[in-house]
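What follows draws every value from the coordinates through simple rules; no lab data is involved. Given the structure is predicted, the values throughout are model-derived calculations rather than measurements. Note that each Cβ is placed from the backbone with ideal geometry, even for glycine, and that neighbours are counted across all protein chains shown.
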Amino acid sequence: MSDGYGAIMRSVHIVWLKCYNYPVKHKTKIIKVLLWIFGGLATILLILALINIVLSGVEYNGIKDSYGQYVQIDGGKVHVDIQGNAKKVVVLLPGLGVPAPALEFKQLVDNLKKDFTVVVYEGFGYGLSDDTTKPRSTDNIVSEIHQTISKLGYKKYSIIAHSVSGLYALKYSLTHTNEVEAVVGIDTSVPEQLRSMPSDLQKQQAASSITTGLLRFAGGAGLIRTYLAINPNAISEMTGRTYTDEERLLANKLMNRNFTSSAVLDETVRSDSDSGGLSATSKFPSDIPVRFYLSNQSQELFPKWKEIHIAQLPRPNESFVTVLGGSHFLYNMHANTIADGFRSLLNER
């Protein structure tokens, strides 16, 4: 490997010397060519950005009333999709950056709405909700969820949370204990989980602010829109959810609108450091039944994954933490298992 590296460096050095020793007029030509190339790329990106701004506005006007309803809370309007009309209520909280929660949770909603009123919450920057520059701290997000549920008139309800929303569900349950009947976590985040991660995963998480900046640029420049035009099934490939043509079109429009929203980008940066005052030893209240479904892929990457979820239970019991085969988006592959597990959890209350 070292011989190959040395050969590459010698080749680079030779090329640099040749360029350095070029006559001034040749250097000037090279600079002009580079300026033309960079200028052309900048022009293309500017055009894509302008197209993206115009199309995003047009698309939103066409889809803003396509499903669900809006709820006015502090800071703007959030959007919810409510299915079913049963006495028992369950609120679904999406994972970080999911652009279209109501579509993404559809299989789980279809199973649950027979027995429950199912509320899919789309916070600021998600689904059809407004964007916001208000800090996406855990405390702010939990407060906004509670404002929304209160304005809808629900006094008692359960929570099913995916990914980062597991952190919000824990904080919510500790803050509004008397209102929460049960919690199911789907491959959920836990407070201070970064400290328990293997060192290679910690390094990847540490680069999240750089990734966020690149995504902001890509979204603003219209590159996400361009990618979805080339590969319209990108969201399905990422989450494992099979969309109809109509759903795919709507999901892609919401992806273009939300993928680089100010709210989601700020939440991404804060997600590894803001635990809302919770710690690795924080547990759910003793009178709220809790069940976790974890991905075997997450378990393989993070050997303590199951262990740190068991530790969140008020009465640690391995039987309430189930590892399922599949990706992080378990609710697409195991909707029936999760729904049945939720029903049995309520019956144990």
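Assorted remarks:
- Pairwise Cα distances in the stretch 210-345 exceed 17 Å in 72 percent of cases.
- Once the chain from R343 to N296 is taken as fully extended at 0.36 nm per residue, the excess over their C-alpha distance is 14.6 nm.
- The orientation-averaged shadow of the Cα convex hull for the chain, equal to a quarter of the hull surface, comes to 21.4 nm².
- Positive dipole terminus of the stretch 233-349, leading residue within S295, Y331, Q312 (C-beta point charges): Q312
- Cα-projected label distance for F217 with L249, points at 7 Å along beta-carbon direction, nm: 3.4 nm
- Assigned charges on the beta-carbon of Lys, Arg, Asp, Glu; the stretch 218-349 dipole about Cα centre (debye): 100 debye
- Gyration tensor (Cα) of the stretch 95-172, equivalent ellipsoid semi-axes in angstrom: 20, 15, 12
- Neighbour counting of Cβ atoms within 10 Å sorts the residues L228, L301, L128, fewest neighbours leading, into L301, L228, L128.
- Equivalent ellipsoid semi-axes, the stretch 250-298, via Cα gyration tensor eigenvalues times 5, rooted, Å: 29, 17, 12
- Inter-centroid distance (Cα atoms) of the stretch 46-62 relative to the stretch 311-349, Å: 41 Å
- Listed residue pairs exceeding 22 Å between alpha carbons, taken from K64/K156; K88/K151; K114/K155: K64/K156
- Simple spin-label estimate for T281 and N178 gives 2.8 nm between the two label positions (7 Å along the Cα-to-Cβ direction from each Cα).
- Point-to-point label distance, K87-L48, nm (Cα→Cβ direction, 7 Å offset): 5.6 nm
- Rounded if a/c under 1.5, otherwise prolate or oblate - the stretch 277-349, Cα gyration tensor axes: oblate
- Neighbour-count order for R195, R248, fewest beta carbons within 10 angstrom listed first: R195, R248
- Neighbour counting of Cβ atoms within 10 Å sorts the residues S189, S236, fewest neighbours leading, into S236, S189.
- Charging the Cβ of each Asp and Glu at -1 and of each Lys and Arg at +1, and nothing else, the dipole of the chain about its Cα centre rounds to 960 debye.
- Considering only the chain, percent of DSSP beta bridges that pair antiparallel, nearest 5: 30 percent
- Positive-end residue of V120, V80, G153, charge dipole of the stretch 70-347 with Cβ unit charges: G153
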